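Here's the structure we're looking at; comments come further down.
The values are calculated or read from the model by the stated rules, or taken from the named source; none is laboratory data. Everything quoted here is computed from the prediction, not taken from an experiment. Here the Cβ positions follow ideal geometry from the backbone for every residue, glycine too, while neighbour counts run over all protein chains shown.
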Protein chains: 2
Amino acid sequence: MDTIIKNVKIITMNLDKHVIAYGYVLIKDGRFAIVSDGEPTKEQREKSKVIDGNGKWLMPGLINTHGHPAMSLLRGINDDLPLNDWLEQAIWPYERKLDKKSVQAARNLSLVEMLESGTTTFVDMYHLHMHEFAETIETVGMRASLMRSVIGLCSKEEQDEKLAESLSFAKQWNRGADGRIRTMLAPHAPYTCPPDYIERIVQAARDESLPVHMHLAETRKEIHDYMDEHGMHPLELLEERQLLEGTDWLFAHGVHMYEQHMELLQKHGAAISHNPKSNLKLGSGVAQVASMLKHGVKVGLGTDSAASNNALDMFEEMRFAVLLQRGINEQADMIETYEGLQMATVFGAKALRYEGLGTIETGQEADFILLSPNQAHLHPTDHVLSHLVFAAKGSDVTDVYVQGKALMENKQLTTIDKEKVLAEATLQFNNLKKTLQ
Amino acid sequence: MDTIIKNVKIITMNLDKHVIAYGYVLIKDGRFAIVSDGEPTKEQREKSKVIDGNGKWLMPGLINTHGHPAMSLLRGINDDLPLNDWLEQAIWPYERKLDKKSVQAARNLSLVEMLESGTTTFVDMYHLHMHEFAETIETVGMRASLMRSVIGLCSKEEQDEKLAESLSFAKQWNRGADGRIRTMLAPHAPYTCPPDYIERIVQAARDESLPVHMHLAETRKEIHDYMDEHGMHPLELLEERQLLEGTDWLFAHGVHMYEQHMELLQKHGAAISHNPKSNLKLGSGVAQVASMLKHGVKVGLGTDSAASNNALDMFEEMRFAVLLQRGINEQADMIETYEGLQMATVFGAKALRYEGLGTIETGQEADFILLSPNQAHLHPTDHVLSHLVFAAKGSDVTDVYVQGKALMENKQLTTIDKEKVLAEATLQFNNLKKTLQ
């Protein structure tokens, strides 16, 4: 049976910035068959489940292009420490104690938070229990790009073993869960993976037509250290070794990059996952995203983990992204409001190399959310695009659909038990604390 | 009858950063008579209305130290224009058409938004219909610092007339509405008020023991223009004319200020209202707030108007304030999490020159809010101070009290009709649009 959502304002996110003031969508087999103004016909209604949107705003589901959902139990731990102390004294001791149960609890917590704030697609870059998470996602119904990331500061044998594990996971799950799961390969970072190892990973990714995800140029110190060792910026080393071309790169952060690097990114179609809140919180700085966009670089937005953010709310990420570019460059028209929305939706889809995702148009995947405009901070309601970027909260999201299936209806999650997830997160965190005492 | 809120986690915001994990408050005559861990005694309970906090978090109501609530109908208007075009083409044409009804509709909209997101005290700097607003606040029950602000680009007669109007309003309403209303005098800005006029206003404020509020050093251009005309930074001119001393100054913004200015502020006990989101959105820059705090300057937080923000959510303001200082200075421990909370509460109270406000301690004004921790983004719940700054949303606020009186209970406003306010905002904005066609 088809599904119709009628009586909605539709933010299509197409190139014309079209907003349908009063319209409906008809969903068939997980895709939009009709996106139209006005009302569905009698014939359409008879063949469909008809849902009244009550004047809500319908927009593409948000796409979170970088994160580590398994770290959400570490939200708020000692976060007044400088970066290195924070990692060494606060985060790593906990992370070393993570087991299957605590990882699962953290990930479920992340799924609840992301769904409730309107995220439909996300990235998980992590090294633990990836198969189990893929199975969870299959059940919960979200869309995700998953990867078993690798750190290469080890023997060649260990490197190979990790890569083999990554590849095996990637091959098994790519296009799995009714096409909702994609996979990537992921060298952790230039400072944790020697160039030769990165080269082997890139070669494997090319062979399997998989995108490659890596942290890049997050902190100034990292770049200084890298230049001391290699005599050049890590992106330049990738270029020199011809590792940028013919590869679908997605770099996380890209805070410390200059004009020539943006040209390299653009030339090779590489994408950036901009994580503004995490970059601020860890004292990393502000990526020159407006400049990247002007260079034609694909830029998506990411939350990074809840340990360094400390939320997984893409509305906040969008707002920070746009406001920062204006403030840092002291220019109110440095970046357009619409570009904020694009980064959180359709540009994010492009950064992750999804086709047919991120806009509300006929033929596109029916991943979308509804927001209730019945809020003081969204009034007067005329300027919907502006409100979505500058005023909306994750909590305004009332309904979440992926592939045309409702994962949240009127604020009730349908495929995951929130109460149970919150209780389990508390339990597992208490256990973790005990192991550290 | 006294009121008891029991079964709450209490964020006292005292100097020891004390959080009472499980406790209660007893309110008598609008003030906290008891703030304690554990449970109220039988005797206490028998003499009180007892409210079960159900494990919620109780913290001081948030204090918004700079704003123009009458501008909320202009939320989201053409906000991709550069600053001057935005003012001239978008904002001022609307603002010139504001009448008593549209101003009232905008202000009520602001009250709803502020209450729902946990603000209990706010500043209104505006020139229209101040008496009517004071009456509204008297009814709604919030706490506010109000002022009829003045622009001095006019004849001496007009200047005097405006100042007289300001003074008359200030004298009539200071300590009005059961002490919930305070008043100030407010020259709009150094570039809209000649030095002589500012001097007359400061003199009047000293005579009446009123604080003085003024925009200061918001944009780089403003400072450059001022230096061209006066040969010095506007703060230095105030110092030269001996207008800083013996006066309770509250400056909004302070984005473009340097080391020597922070020393001047500290020396004269002047306060800054830091408006991070507005400063970013208008391309003004980022105030050096961490440095101000280290200099011992009083710093509160403000949203500015919904036209330049575009929300009035102090949780966001707090988050932006802390994250920006870390990111801009590329130092994760540049500012403490707790300082964010202090700026939004007790430092804000000091900036507005309230005594007995902004902490949960015996004898203090019973202005407080409750938040529900039953949210994924607030789990695990251990790190409450961190969560309030980095993860909490205005929408987590469930209850708001001012002077011990509930203005919101379980998300229901008790003294203002939200539905009516939203409908009136829509109606008045539609009327405004018509007058401009």
Between a first residue in the range B:271-290 that is in contact (Cβ under 8 Å) with a residue 12 or more places away in the chain and away from chain A (no Cβ under 13 Å) and a second residue that is surrounded by fewer than 24 Cβ atoms within 10 Å (Cβ to Cβ) and basic (Lys, Arg), which pairs have beta carbons less than 9 Å apart while being 6 or more apart in sequence or on different chains? B:ALA271/B:LYS350; B:ALA271/B:ARG353
The range B:224-236 residues that are of a type in the set (D, E, K, R) and modelled with pLDDT of 95 or more, paired with ones that are part of a helix (DSSP H, G or I) and loosely packed, with under 14 Cβ neighbours inside 10 Å (beta carbon under 9 Å, 6 or more apart): B:GLU236/B:GLN260
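Yes or no, residue by residue, for (1) among the small types (Gly, Ala, Ser); (2) touching a strand residue (DSSP E or B) at 6+ places or on another chain (Cβ under 8 Å):
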| site | (1), (2) |
| --- | --- |
| B:ALA391 | yes, no |
| B:ASP396 | no, yes |
| B:GLU409 | no, yes |
| B:GLN412 | no, no |
| B:THR415 | no, yes |
| B:GLU419 | no, no |
| B:LEU427 | no, no |
Please enumerate the residues belonging to the range B:215-236 that are farther than 18 Å from B:GLN288 by Cα and not in a helix (DSSP H, G or I). B:GLY231, B:MET232
Return the residue satisfying two criteria in turn: it lies in the range B:181-197 and is surrounded by fewer than 23 Cβ atoms within 10 Å (Cβ to Cβ) and in contact with a strand residue (DSSP E or B) (Cβ under 7 Å, 6 or more places away or on another chain), and of such residues it is nearest to B:ALA349 (Cα to Cα). B:ILE181
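Within the range A:144-159, how many residues turn out to be in contact (Cβ under 8 Å) with a residue 24 or more places away in the chain and either outside any loop (DSSP other than H, G, I, E, B) or on the phi > 0 side of the Ramachandran plot (or both)? Full working, then the answer.
Looking only at the range A:144-159, we keep the residues that are in contact (Cβ under 8 Å) with a residue 24 or more places away in the chain, and these are A:144-153, A:159.
Pick out the ones that are also either outside any loop (DSSP other than H, G, I, E, B) or on the phi > 0 side of the Ramachandran plot (or both) and you get A:144-148, A:150, A:159.
Going through the range A:144-159 one residue at a time, the tally reaches 7.
Among what's in the range B:403-416 and is hydrophobic (A, V, I, L, M, F, W, C) and assigned to a strand (DSSP E or B), pick the residue that is nearest to the other protein chains (Cβ to nearest Cβ).
Residue satisfying both the conditions and the ranking: B:LEU413.
Run down B:LEU265, B:LEU250 and say which single residue is away from chain A (no Cβ under 14 Å), within 18 Å of B:LEU352 (Cβ to Cβ) and in contact (Cβ under 8 Å) with a residue 60 or more places away in the chain.
Working: B:LEU265 fails: in contact (Cβ under 8 Å) with a residue 60 or more places away in the chain.
So the residue among B:LEU265, B:LEU250 that is away from chain A (no Cβ under 14 Å), within 18 Å of B:LEU352 (Cβ to Cβ) and in contact (Cβ under 8 Å) with a residue 60 or more places away in the chain is B:LEU250.
Just checking, does the range B:417-436 include any residue being assigned to a loop (DSSP other than H, G, I, E, B), of a type in the set (A, V, I, L, M, F, W, C), touching a residue at least 24 places away in the same chain (Cβ under 8 Å) and more than 9 Å from chain A (Cβ to nearest Cβ)? Before you say what the answer is, go through the steps one by one.
Just the residues of the range B:417-436 that are assigned to a loop (DSSP other than H, G, I, E, B), to begin with: B:417, B:436.
Next, only the ones that are of a type in the set (A, V, I, L, M, F, W, C) stay: B:436.
Retained after the next criterion (residues that are touching a residue at least 24 places away in the same chain (Cβ under 8 Å)): B:436.
Filter again for more than 9 Å from chain A (Cβ to nearest Cβ), leaving B:436.
Among the residues of the range B:417-436, at least one is assigned to a loop (DSSP other than H, G, I, E, B), of a type in the set (A, V, I, L, M, F, W, C), touching a residue at least 24 places away in the same chain (Cβ under 8 Å) and more than 9 Å from chain A (Cβ to nearest Cβ), which makes the answer yes.
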Could you list, in sequence order, the residues of the range A:314-368 that are β-branched (Val, Ile, Thr) and within 14 Å of another protein chain (Cβ to nearest Cβ)? A:VAL322, A:ILE328, A:ILE335, A:THR337
Being more than 13 Å from chain A (Cβ to nearest Cβ) and more than 26 Å from B:LEU388 (Cα to Cα), is that true of even one residue in the range B:115-125? yes
Here are B:VAL150, B:VAL123, B:VAL140: which of them is buried (at least 17 other Cβ atoms within 10 Å of the Cβ), over 22 Å from B:GLY348 (Cβ atoms) and not hydroxyl-bearing (Ser, Thr, Tyr)? B:VAL150
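Yes/no matrix, rows are residues, columns are (1) assigned to a loop (DSSP other than H, G, I, E, B); (2) surrounded by fewer than 18 Cβ atoms within 10 Å (Cβ to Cβ):
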site	(1), (2)
A:LYS49	no, yes
A:ASP52	no, yes
A:GLY67	yes, no
A:ALA70	no, no
A:GLY76	yes, no
A:GLN89	no, yes
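Are any of the residues in the range A:366-380 in contact with a Ser or Thr (Cβ under 6 Å, 6 or more places away or on another chain), assigned to a loop (DSSP other than H, G, I, E, B) and either under 21 Å from A:PHE32 (Cα atoms) or among the aromatic types (Phe, Trp, Tyr) (or both)? Give the steps one after another, and end with the answer.
First pass over the range A:366-380, keeping only residues in contact with a Ser or Thr (Cβ under 6 Å, 6 or more places away or on another chain): A:367, A:370, A:372-373, A:380.
When the remaining residues are screened for being assigned to a loop (DSSP other than H, G, I, E, B), the result is A:367, A:372-373, A:380.
Applying the additional criterion that residues be either under 21 Å from A:PHE32 (Cα atoms) or among the aromatic types (Phe, Trp, Tyr) (or both) yields A:367.
Looking through the range A:366-380, at least one residue is in contact with a Ser or Thr (Cβ under 6 Å, 6 or more places away or on another chain), assigned to a loop (DSSP other than H, G, I, E, B) and either under 21 Å from A:PHE32 (Cα atoms) or among the aromatic types (Phe, Trp, Tyr) (or both).
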